[in-house]
Structures are given as structure tokens and as C-alpha cells.
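Colleague: Sharing a structure here in C-alpha cells format.
The values are calculated or read from the model by the stated rules, or taken from the named source; none is laboratory data. Being a predicted model, the structure only gives us computed values, none of them experimental. In this analysis, Cβ positions are derived from the backbone assuming ideal geometry, glycine residues included, and neighbour counts consider all displayed protein chains.
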Amino acid sequence: MHDKNVAKEIPGLVITGARYAMAERIARKVSKDEPVAVDLAGFVAADILDGAILRKFDADTPLRRVADGVVDHLSMIRVGFEAAKKYPDSRVYLGILAARAALVGGANALHMAKTGEVTKGQNKQRAANLATAAFGLVALTGNKKATHVAGVVASGISILTAIPHLRNIGKRNESGIRKL
């Protein structure tokens, strides 16, 4: 890899990786029963903005896009683990959301292995991420009925938005990015 390419990778990886530190902060707050709404909103905003900022400066790279998905999924697992310990009513839904993350991650990795292309979930992935975040906030209230309703909604959105990730695996795209 050329020094120019390494230099181009570093800012994006640092910006994207910093989101995981935000997830750790949220997980610690969950374990201490501290409010997380502001932190979660910051995480979601950072998730949306990091790629937009990097694209604006032509610094978004395939490696950064892969790192973005990995950070998203690891963050969900980390925070979900703490939530499941504190709020048992959320476990079934967290399991569904984690299974969706694994399925989507596996499908995207298979596509990348076959074509060298990364996958950009776009609106479908945003919908799943926002539904998961909303479910998390509701589950943290401790309200069992609201947790079940939010869990059903988040699980449904996540399952529906996972389906496109299973299509066109291995089919090359003109843009070099598999956009869903």
C-alpha cells in the first residue's frame, strides 16, 4: 500500500473508530442505570455524519465503509449485552437484532469476497439502526409493555430491511459499491 493511500485511510478509520468509544460510554451508563438518550442521539448523529463528512472531502474509502459496519454491529452488541443484563424483557428482541446484524454482515462479507465491492445499506440500514436505537431507549425505561411493542416493531423493520442484503450477492455494480 502506498503512503498516500495509508494517509487517506487514517482519518476515516479514526473518525469511525471513535464511535465505538461512544458505544462504550453508553454501555457503562446502561450498566449504572444512567440516562443515555443524549449519548445515543450523539452516536446516531455521528454515524450519519462521519461518512458524509468523509465523502465531502473525498476521504471515504472501502476500508472505512467496512469499518463503519463493524463499528455499528460491535456497538450494538456491546450496548445490547449491558441492556440484556439489566432488562431481561429485551433479550428476545436483542437476539433477533443481533441475528439480523450477523446475517447482514455475513451477506455483505460474502459479496465483498466475491466482488471486492463494499455494500452501502443506505435508507434500509438507517431504518434498521434507528429502529434499534428507538427500541433501546424504550427498553431502558423498564416498561414491559412498551418494550415488547418497540421490540416487535424494531425486529420487523430489521428483518424487512435485511432481505435486500441477500439479493445480488456476487453481482458486480457499475459504481463499484453495492447500494441497497
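Colleague: What pairs can you find where one residue is in segment 142-154 and closer than 19 Å to E82 by Cα and in contact (Cβ under 8 Å) with a residue 60 or more places away in the chain, the other is surrounded by fewer than 14 Cβ atoms within 10 Å (Cβ to Cβ) and hydrophobic (A, V, I, L, M, F, W, C), and their Cβ atoms are less than 6 Å apart, with a gap of 6+ or different chains?
Modeller: Pairs found: none.
Colleague: Of the residues in segment 154-172, how many are over 16 Å from A101 (Cα atoms) and surrounded by 14 or more Cβ atoms within 10 Å (Cβ to Cβ)?
Modeller: 2
Quick grid of which residues meet (1) part of a loop (DSSP other than H, G, I, E, B); (2) at pLDDT 90 or above; (3) on the phi < 0 side of the Ramachandran plot:
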position	(1), (2), (3)
H73	no, no, yes
A83	no, no, yes
L110	no, yes, yes
A134	no, no, yes
H148	no, yes, yes
S155	no, yes, yes
L160	no, yes, yes
I163	no, yes, yes
I169	yes, yes, yes
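Colleague: Of everything in segment 119-132 that's over 10 Å from the mean Cα position of the chain (by Cα) and farther than 15 Å from A52 by Cβ, which residue is surrounded by the fewest Cβ atoms within 10 Å (Cβ to Cβ)?
Modeller: A127
Colleague: I'd like the residue in segment 2-58 that is loosely packed, with under 14 Cβ neighbours inside 10 Å and outside any helix (DSSP H, G or I) and, out of all such residues, is modelled with the lowest pLDDT.
Modeller: Among those that are loosely packed, with under 14 Cβ neighbours inside 10 Å and outside any helix (DSSP H, G or I), it is H2.
Colleague: Say whether the condition of being closer than 18 Å to V66 by Cβ and either touching a Gly at 6+ places or on another chain (Cβ under 7 Å) or of a type in the set (A, V, I, L, M, F, W, C) (or both) is met by at least one residue in segment 166-176.
Modeller: Yes, segment 166-176 contains a residue that is closer than 18 Å to V66 by Cβ and either touching a Gly at 6+ places or on another chain (Cβ under 7 Å) or of a type in the set (A, V, I, L, M, F, W, C) (or both).
Colleague: Is it the case that I96 is under 20 Å from A150 (Cα atoms) and in contact (Cβ under 8 Å) with a residue 60 or more places away in the chain?
Modeller: yes
Colleague: May I pose another question? Out of (1) polar (S, T, N, Q); (2) farther than 30 Å from E174 by Cβ; (3) at pLDDT 90 or above, the odd one out for T141 is which?
Modeller: Failed condition: (3).
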